[in-house]
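Here is the structure we will look at, set down as structure tokens.
What follows draws every value from the coordinates through simple rules; no lab data is involved. Remember, predicted model here, so these are calculated numbers, not experimental data. Using ideal geometry, Cβ is built from the backbone for each residue, glycine included, and neighbour counts are taken over all protein chains shown.
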Amino acid sequence: MIKISFGSSFKNVFKKKIKKDKNLEKKFWERIEIFINNPYDD
């Protein structure tokens, strides 16, 4: 299983972006889940 970690600069930018678009956060976590389960998925 893949382990993903996020740096503090990413976390700060991510928080600012998702405040403007909550749907973006949902899409992001869905894509992360797909990547974790199958990193070679298109």
Helix 22-37 versus the longest principal axis of the chain: what angle, 0 to 90°, nearest 10, using Cα atoms? 20
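To the nearest 500 deg cm²/dmol, what mean residue ellipticity at 222 nm is calculated for the chain from DSSP H runs of n ≥ 4 alone, each contributing -39,500 (n - 2.57), summed and divided by the residues?
On the way: 2 runs with 29 residues, N = 42.
Here the helix-only value at 222 nm equals -22500 deg cm²/dmol.
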Work out the charge dipole of the chain with +1 on the Cβ of Lys and Arg and -1 on the Cβ of Asp and Glu about the Cα centre, then indicate which of Phe35, Ile4, Phe14 is farthest towards its positive end. Phe14
Nearest 10 degrees, 0 to 90: helix 8-20 Cα axis against the chain principal axis: 70
Order the peptides 22-35, 1-14 from the highest to the lowest mean number of other Cβ atoms within 10 Å of their residues. 22-35, 1-14
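On average, how much area does the Cα convex hull of the chain cover when viewed from any direction, in nm²?
On the way: hull surface 13.2 nm².
For the chain, averaging the hull's shadow over all directions gives 3.3 nm².
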